[in-house]
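Report on the following structure.
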2 protein chains.
Amino acid sequence: MSLIQPRTLKGFRDYLPAAMIPRERLMETARETFRSFGFAPIDTPTLEHLEILTGKGSEETDRQLYQFVDAGKRPVGMRFDLTVPLARFAAQHINELGTPFKRYHIAPVWRGENPQAGRYREFYQCDFDTIGTESVLADIEAVTVIDSLIRAIGIDAFTISINNRAILNGLLESLGLADKATPILRSLDKLAKIGLEATNAEMVNAAGITSEQADQVLGLAQCDGTAEQVFAKLPGILGDNEKANEGAARLREIYDGAIASGVSPDRIKIDVSIARGLDYYTGVIFETTLDELPGIGSICSGGRYDNLAGLYTKQHLPGIGASLGLDRLLSALETLERLSSNSKPCPVFIPFFDKDHRDDYLRLATNLRKAGIGTEVYPEPRKLKAQLKYADGHGFQYALIAGGNEWERGEVQVKVLAEKTSEDIAYQHDAPEKLIERLTTS
Amino acid sequence: MSLIQPRTLKGFRDYLPAAMIPRERLMETARETFRSFGFAPIDTPTLEHLEILTGKGSEETDRQLYQFVDAGKRPVGMRFDLTVPLARFAAQHINELGTPFKRYHIAPVWRGENPQAGRYREFYQCDFDTIGTESVLADIEAVTVIDSLIRAIGIDAFTISINNRAILNGLLESLGLADKATPILRSLDKLAKIGLEATNAEMVNAAGITSEQADQVLGLAQCDGTAEQVFAKLPGILGDNEKANEGAARLREIYDGAIASGVSPDRIKIDVSIARGLDYYTGVIFETTLDELPGIGSICSGGRYDNLAGLYTKQHLPGIGASLGLDRLLSALETLERLSSNSKPCPVFIPFFDKDHRDDYLRLATNLRKAGIGTEVYPEPRKLKAQLKYADGHGFQYALIAGGNEWERGEVQVKVLAEKTSEDIAYQHDAPEKLIERLTTS
């Protein structure tokens with residue numbers, strides 16, 4: 001019989017343990033953080049009726065959609081994000097769920113785009129949203145969630161940039177440019193990357209406005225500095241435009257509320273030039289950058305929207321949410337050398353080399369697990385050297401060596417693998433305390 | 001604009017928070033248990049080259065497969081289990097991973113079968129396997145993992161039934177029925193459900209053997225009782241068939257090792273009549289039933305196989321593993337009324353009803369979260385009564401009431417929602433200890 005070549009599809013990948021362990025830990029941290037604020041998990045099907053997915057799609061998402069006709073002749077598609085399924089879900093269940101409705105959803109999505117470095121056709125999204133309220137408290141909370149989440153991941157140096165689309169929209173209205181908002185805001189998004197001059201040219205080109213008009217929009221970019229400085233400069237730039245000034249006042253409220261909630265002022269930047277060019281957003285918007293790696297872009301972005309599910313229901317559902325970029329964050333942590341390359345999820349390894357004592361190894365492992373210490377026993381009585389090589393290669397923290405002599409003396413040798421040190425610790429099956437203490441204090 | 005009807009595909013379902021919270025908790029418990037034994041997580045793509053999936057498929061799985069041709073003209077399919085992807089994964093990566101390789105994989109699979117009560121076209125599987133070793137220690141460990149897992153889920157009354165396929169195969173060989181093993185074993189699987197007589201008829205019918213031959217096979221069913229009784233009776237039934245006796249000896253070793261590992265003897269049943277009719281298994285096999293709900297069938301099953309990935313590699317990869325039936329277990333827990341219907345994942349609710357104190361509510365919530373107490377703040381300053389109704393409906397444990405008076409006095413009223421009791425507890429933002437203590441001791 002000829003063999004089938006084992007391979008994955010182009011643009012798809014396997015996660016081996018060393019890559020999957022930190023990924024899983026990151027998702028668990030996200031879940032814990034979301035839950036601590038009262039966000040509840042939901043899940044929706046991978047496959048949806050095609051019309052649900054294409055209803056809101058752009059030409060680009062339609063082209064990238066994995067779609068087919070199922071065995072029951074139904075046109076179906078694989079979800080390409082978690083926002084469209086959330087809109088469908090909310091339209092279908094919101095009467096049962098009630099508002100405010102706070103959910104998170106961590107799940108894979110699929111896009112048939114041409115794979116580039118670090119982009120795959122299957123990837124996870126990690127979203128949280130509060131639906132059914134326009135309250136500023138939900139806006140404040142979204143900032144607080146992002147701050148808690150990034151800190152829980154173990155990152156200290158980051159900046160959450162906040163703006164309010166109402167400021168931009170008000171300004172464009174007062175400049176008579178409201179009908180050109182979309183191309184102008186998309187150009188504005190490039191400011192940090194390409195600079196003032198090129199952004200001006202881009203606005204002229206994309207939105208068909210004059211260079212002078214573009215300069216007036218870009219005047220916002222001069223409104224920089226600390227939060228207090230920005231809030232002091234804003235009135236002068238916004239003039240008497242009511243919408244823009246209300247937007248600035250709400251931005252101030254969000255800032256103050258986030259500080260009251262314990263977010264460090266150093267980590268919030270009021271940046272009235274960020275736009276997040278999606279038509280979708282109507283209120284506060286935010287981006288999160290790592291201070292050590294600003295070039296990778298935002299690792300957590302989102303904002304307030306006015307109506308989530310207008311395609312599927314007449315019920316008005318405003319909300320606010322954000323999305324953690326899991327893949328981008330993991331690759332950043334790797335660049336920053338904050339990821340271990342361990343391929344084992346537990347700290348202790350027990351070589352099984354004295355086959356007359358098999359049950360003793362098993363009892364020892366059970367005792368450690370009972371104390372919350374993850375422990376692997378090697379399954380075959382091979383030579384100790386080979387087993388220690390296995391332990392080293394997989395990144396275990398400790399190897400516990402016990403042969404006939406140790407068992408007789410009531411001792412276990414604790415090897416700290418990274419430091420190549422070892423010491424004998426008293427151990428008996430009914431008196432494991434000393435060993436547990438040694439393994440839990442480092 | 002006409003609305004698109006929000007609906008899910010036939011055979012698919014949304015998970016609302018009340019269903020998703022226990023589901024997620026169950027998966028986390030499974031992950032923690034697997035990790036504590038040194039099993040590491042992996043993930044594989046949802047989509048595979050079609051030939052990978054159909055290579056081992058039966059007609060039935062092929063018919064149920066979600067398959068299509070992708071935009072790059074590749075025939076692809078959505079995985080229908082986690083075993084075929086594991087085999088492909090192992091063939092592709094085992095040289096890098098090394099053996100023994102211990103992995104778990106919790107992920108959805110898709111089968112286009114006709115939906116029945118409690119069966120869906122998308123469902124999760126939760127598998128763990130040890131690959132690349134024939135050691136009995138891996139067999140013992142599999143039993144220990146199942147025991148730890150079910151106990152960690154909070155179930156005490158369960159039975160792990162264990163057998164060794166070598167006993168059955170040896171017996172069939174000595175009866176000259178080896179070539180009819182598959183239909184005979186599939187019939188044997190029905191014994192517990194349909195009884196001796198019907199099983200005999202089924203064997204005669206399905207395998208074309210005589211009723212007397214069927215009786216000889218079913219003689220195994222008489223070999224019941226405690227583990228010690230079964231091990232005492234077995235030699236008489238097996239005669240001098242070497243394979244069967246070796247199988248019985250290994251079964252004894254697994255039983256003893258599991259007891260040494262701390263599994264209660266009450267929870268292990270040596271049942272030489274269970275067969276798990278898949279050709280796949282070659283050694284130890286097990287099933288797990290809930291003592292309070294035996295009728296729902298096995299909630300965790302598996303066994304030892306001789307060669308995992310023969311379709312994709314010449315490398316011989318024996319292994320052992322099992323699969324937790326998440327959906328069956330959840331529905332059992334629901335039947336046993338062990339699932340809460342909470343739709344909130346955190347215990348504390350803070351009504352926001354005195355709008356002048358918004359920042360105080362936020363600070364209080366932050367303080368509790370810092371102490372590990374999940375806390376939701378209602379986003380809008382509505383009437384207290386409406387907010388308490390929201391808290392009741394969602395199953396929060398505590399509501400913390402504080403208006404102007406309480407803030408002034410440095411107190412918070414703790415309402416225990418289920419008991420409809422309340423008491424005032426001292427609280428200040430810089431002295432939260434008393435409140436934290438009250439909320440963490442029940």
Karplus-derived 3J(HN,Hα) from phi for region A:402-410 (6.51 cos²θ - 1.76 cosθ + 1.60, θ = phi - 60°), whole Hz, x at Gly and Pro, runs 8, x, x, 4, 4, 4, 5, 6, x
Quick one: Cα centre-to-centre distance for region A:233-305 and region A:18-60, in angstrom? 24
Accessible-area value, B:HIS394, 1.4 Å probe, nucleic acids and ligands omitted, Å²: 30
Rounded to the nearest 10 Å², the 1.4 Å probe accessible area of A:SER298 is 20
As an exercise, identify the trypsin sites (Lys or Arg not before Pro) in region A:20-109 lying in DSSP coil whose Cβ has no more than 15 other Cβ atoms within 10 Å. A:LYS73
Chain B to chain A by rotation: the residue of B with the beta carbon nearest the axis and the rounded distance in Å are B:PHE68, 2
Can you tell me, using C-alpha contacts under 8 Å and at least 6 residues apart, the relative contact order of chain B as a whole percent? 15
For chain B, size of Cβ-based charge dipole, Lys and Arg +1, Asp and Glu -1, in debye: 1300
For chain A, take the longest principal axis of its alpha carbons; what is the angle in degrees between that and the long axis of helix A:191-207, to the nearest 10 within 0 to 90? 40
With the label set 7 Å along Cα→Cβ, B:ALA386 is separated from its counterparts in the other copies, in nm and shortest first, by 7.2
In the neighbourhood of A:ALA322 defined by beta carbon distances under 13 Å, the net charge of the other residues (Lys, Arg +1; Asp, Glu -1) is -2
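Sorted by accessible area (1.4 Å probe), largest first, how do A:ARG111, A:ARG328 line up?
The ordering from most to least exposed comes out as A:ARG328, A:ARG111.
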Run the label-point distances for A:TYR280 please: 7 Å along Cα to Cβ, every other copy, nanometres, shortest first. 3.9
Within chain B, what is the longest stretch that has no GluC sites (Glu not before Pro) placed in a DSSP loop and near at most 12 other beta-carbon atoms within 10 Å? B:1-336
Inter-copy separations for A:GLY404, label at 7 Å along Cα-Cβ, nm, ascending: 8.4
Rounded to the nearest 20 Debye, what is the dipole magnitude of the protein assembly as shown about its Cα centre when Lys and Arg each give +1 and Asp and Glu each give -1 at the C-beta? 1240
Could you work out the mean count of beta carbons from other protein chains within 10 Å of each residue's beta carbon in A:258-266? 3
Beyond a 27 Å Cα-Cα separation, which of these cross-linked pairs lie in this structure: B:LYS102/B:LYS180; A:LYS434/B:LYS370; A:LYS370/B:LYS102; A:LYS102/A:LYS180; B:LYS355/B:LYS420? B:LYS102/B:LYS180; A:LYS434/B:LYS370; A:LYS102/A:LYS180
Quick check: net charge around B:GLU134, other residues with Cβ under 11 Å of its Cβ, Lys/Arg +1 and Asp/Glu -1? -1
Sorting check: for A:161-170, B:148-157, which peptide has the highest mean count of neighbouring beta carbons within 10 Å, and how do the rest follow? A:161-170, B:148-157
Compute the whole-percent fraction of alpha carbon pairs in chain A spaced more than 40 Å apart. 35
To check my understanding: the extent here is largest minus smallest coordinate of the Cα atoms along each principal axis. What are those three numbers for region A:283-442, in Å, largest first? 75, 36, 28
Exercise: per-residue mean of other protein chain Cβ atoms within 10 Å, A:339-348: 3
Counting DSSP beta bridges with both partners in the protein assembly as shown, what percentage is antiparallel, nearest 5? 85
Summing Lys, Arg as +1 and Asp, Glu as -1, what charge do residues with Cβ under 11 Å from the Cβ of A:LEU251 carry, A:LEU251 excluded? -2
What's the angle, to the nearest 10 degrees (0 to 90), between helix B:242-260's Cα axis and the longest principal axis of chain B? 20
Listed residues B:GLY239, B:GLY297, B:GLY325, most fluctuating in chain B (Gaussian network, C-alpha, under 10 Å): B:GLY239
Just counting partner chain Cβ atoms within 10 Å, what average do the residues of peptide A:96-104 show around their Cβ? 4
Between helix A:227-238 and chain A: long-axis angle, C-alpha atoms, 0 to 90°, nearest 10: 20
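The values are calculated or read from the model by the stated rules, or taken from the named source; none is laboratory data. Bear in mind that the values here come from a model prediction, so they are computed numbers and not experimental data. For neighbour counting, all protein chains shown are included, and Cβ atoms are generated from backbone atoms with ideal geometry for every residue, glycine included. These area figures cover heavy atoms from the full protein model, side chains too; ligands, DNA and RNA do not enter into them. Shrake-Rupley method; radii C 1.70, N 1.55, O 1.52, S 1.80 Å.
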